[in-house]
Amino acid sequence: MDNIESETNVSTHDICVLYGEEILASQLSHVESKGYDFAPPFKVMTIQLYLIGVMWRHGEGLDSVSNPREHAMESLHKMLLKTGMSNKNAGKRIVLLKDLSREEDSSETLAVTAGYEAKEDDNSLDMIFDEYRDETRVSGALWRFYSRGKKFMLLGGGGVGFLALFFSKIYSPSSSLMSVLTLGLLAAALVVVPTFIIGALIYRAKYKK
């Protein structure tokens, strides 16, 4: 591996990224066959935490890497840039993943540990997702409900508010600007607040199950 690096001028980060992509490719076919239904952000960040472990372990075998765990974070940052994420957003994601990568007792999370011990085609990524299969908080169904509810609140609330402003100017053209704006906000709130409360109650019911 060191000879490859010196001959092709490939950085240690590139080496870890290539290895991470190789291991991930061998795992994803198994994951897709299981038909997991997780919230997209949960699935993506779980895979990224897993890759940190994978590249951490691989970095330990490279002589020029002094801090393999931190090197894995830097390699993941490079991988995110490679997928088209902006440098700013990639930096924010790494900060978040650093926080999520450790438990409260400072031990490594399951995803990082599984990645560290991973081998090609060993179904280790499946093992992580199996642990969360029945966790309502990360389910795809709940995420879709949240996404639809968010759109409804934004579009519905904004639409009702606009109609209130429009008709108040038609039927009460002498109204002051402040009173018209107040009416618009109240009308929007009549849609947004009940929707939020109903969504919270449904979430609470699902979470209890």
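Only the coordinates and a few stated rules stand behind these numbers; no lab work does. A quick note: this is a predicted structure, and the numbers were derived from the prediction, not measured. All Cβ positions, glycine included, derive from the backbone under ideal geometry; neighbour counts span all protein chains shown.
Things to note:
- Using the Karplus relation 6.51 cos²θ - 1.76 cosθ + 1.60 with θ = phi - 60°, the per-residue 3J(HN,Hα) values for segment 99-116 come to 5, 7, 6, 10, 6, 4, 8, 6, 6, 6, 6, 4, 5, 5, 4, 5, x, 4 Hz, with x marking Gly and Pro.
- Sequence-ordered 3J(HN,Hα) estimates for segment 11-28 from the Karplus curve with 6.51, -1.76 and 1.60 and θ = phi - 60° stand at 6, 5, 5, 4, 4, 5, 4, 4, 5, x, 5, 5, 5, 4, 4, 6, 8, 5 Hz, glycine and proline given as x.
- Couplings 3J(HN,Hα) for segment 29-44, derived from phi with the Karplus relation 6.51 cos²θ - 1.76 cosθ + 1.60 (θ = phi - 60°), are 4, 5, 4, 4, 5, 7, x, 4, 10, 10, 4, x, x, 5, 4, 5 Hz, where x marks Gly and Pro.
- Around Ser101: net Lys/Arg minus Asp/Glu count, Cβ-Cβ under 10 Å: 0
- Phe38 long-range amide H proximity, modeled H, under 5 Å: Gly140
- A cut-off under 12 angstrom between Cβ atoms defines the neighbours of Ala90, and their net charge, with Lys, Arg +1 and Asp, Glu -1, is +4.
- P(r) histogram, all alpha-carbon pairs of segment 2-133 included - 5 Å bins from 0, percent: 2, 11, 21, 23, 21, 14, 6, 2, 1, 0
- Relative packing of peptides 92-102, 55-65 - highest average C-beta neighbours within 10 Å first: 55-65, 92-102
- 5 angstrom amide H check on Glu108, placed H, neighbours 5+ away: Glu103
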